1. Failed condition for T176, given (1) in contact (Cβ under 8 Å) with a residue 12 or more places away in the chain; (2) over 17 Å from F209 (Cα atoms), with all others met?
2. Which of (1) part of a helix (DSSP H, G or I); (2) open to solvent by less than 90 Å² (accessible area, probe 1.4 Å); (3) at pLDDT 90 or above is the odd one out, the single condition I214 does not satisfy?
3. Tell me yes or no: at least one residue of the stretch 55-65 is surrounded by 12 or more Cβ atoms within 10 Å (Cβ to Cβ) and more than 25 Å from P163 (Cβ to Cβ).
4. If E204 satisfies every condition in (1) open to solvent by 20 Å² or more (accessible area, probe 1.4 Å); (2) of a type outside the set (S, T, Y); (3) free of Cβ contacts under 8 Å to residues at least 60 places away in the same chain; (4) under 26 Å from Q66 (Cβ atoms) but one, which is the exception?
5. Farther than 24 Å from D46 by Cα and modelled with pLDDT under 95: which single residue out of Q207, Q203 fits that description?
6. Out of the residues in the stretch 70-102 that are under 29 Å from S129 (Cα atoms) and of a type in the set (G, A, S), which is surrounded by the most Cβ atoms within 10 Å (Cβ to Cβ)?
7. What is the residue count in the stretch 36-58 for residues that are of a type in the set (A, V, I, L, M, F, W, C) and either within 15 Å of the chain's Cα centre (by Cα) or at pLDDT 95 or above (or both)?
8. Please determine whether any residue of the stretch 221-240 is without any contact (Cβ under 8 Å) to a residue 60 or more places away in the chain, open to solvent by less than 40 Å² (accessible area, probe 1.4 Å) and within 30 Å of V33 (Cβ to Cβ).
Amino acid sequence: MKIKYIFIVSLCSLLVFACKENTYDGFETKGSVYFQGNTTDWNMLDSVITYSFVGRAQIKDTIWLQVNLLGDASPIDRKFKIVEDHLTSNAIVGRHYEALNDEYIIKANEMKTSVPIVIHRTEELEKQSVMLSLVLQPTSDLDLGFSNRLRMSIILSDFLVEPIWWNTPYDPYVGTMWEGMFAYKAADYYGPYSRRKHELCVQELGQDFPESIITLLNDDYWVAAMAYMSEYFSDNYPIMDEYGNAIEPW
C-alpha cells in the first residue's frame, strides 16, 4: 500500500509540473502591448498609415491608433508608453503633430485602447510629405508584445498619395494551405493607379479612399461608390491621366 501511495503522489506531482511547463508565460505575467495596424483584419501587419489633407476642410485632425493587450485583462488600469523614433521621423512636434502623452492607459478589464495622434495641416505638406515614426516602450505595468507590431509610421501630406495597398497583394488565406492562391490587390479591380484617377474619385465622392483594401472591396458604401466612379469614367470617356493614358472604366 505504501508503494502504491508513493506512486500516486509522484504521479500527481508530475502532472502539476507538466501543467506549469505548458502554461504560456505571456498570459501569466503582467501582459504586453502591440499595435493593431489594420483594425478590420488582425492578420494584416500594416505598420504605415498614409494621410492626406486633400479634400478635407480642417486644419488639424486626429488619427486613432489601436493598441492591443497580449495576456489577461486586469482589474486595474495599466500604463504603457509610445515615443517618437527621431532617427526615422522628420515630422516636427508642435508643427506637424501635437506632443504625445508621457503615458497611455489600457483601462481595467479592457483588451485594447485607442490612442489619439493629433496632426496639423501646414503649407509645406502641399509639396512634400513628412513621416512620424512611433514606437511602443515597456513600463512597470506592461511589457512589449509581438516584435513585428511594435512600430507605427504615419506619412502626412496635403497632396494625393498612392494608397500602400493599391499594388500590394492582400492574401486572406495567409498561414493556410491556400496561401498565395487567392491574393489580390486594388489594381486588379480598378486598374493602374494614377493621380488623376485619384483626384477625380476624391472630387466626386467628397472623401479620400479608405485606409484598408478590405473596406474598399467589401464595405457596401465603397462598393457602390466605386461602381459610381466606373460609370463616371464611362460616361465621360476618354478622361486622360497624367501619363496620357485614358482612364478605363472597370
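The values are calculated or read from the model by the stated rules, or taken from the named source; none is laboratory data. Just so we're clear, the structure is a prediction, and the values are computed from it rather than from any experiment. Using ideal geometry, Cβ is built from the backbone for each residue, glycine included, and neighbour counts are taken over all protein chains shown. Note: areas computed on protein heavy atoms with side chains; ligands, DNA, RNA excluded. Shrake-Rupley method; radii C 1.70, N 1.55, O 1.52, S 1.80 Å.
1. Condition (1) is where T176 drops out.
2. (3)
3. no
4. All conditions pass for E204, except number (4).
5. After applying the criteria, what remains is Q203.
6. By that ranking, first place goes to A91.
7. 5
8. no
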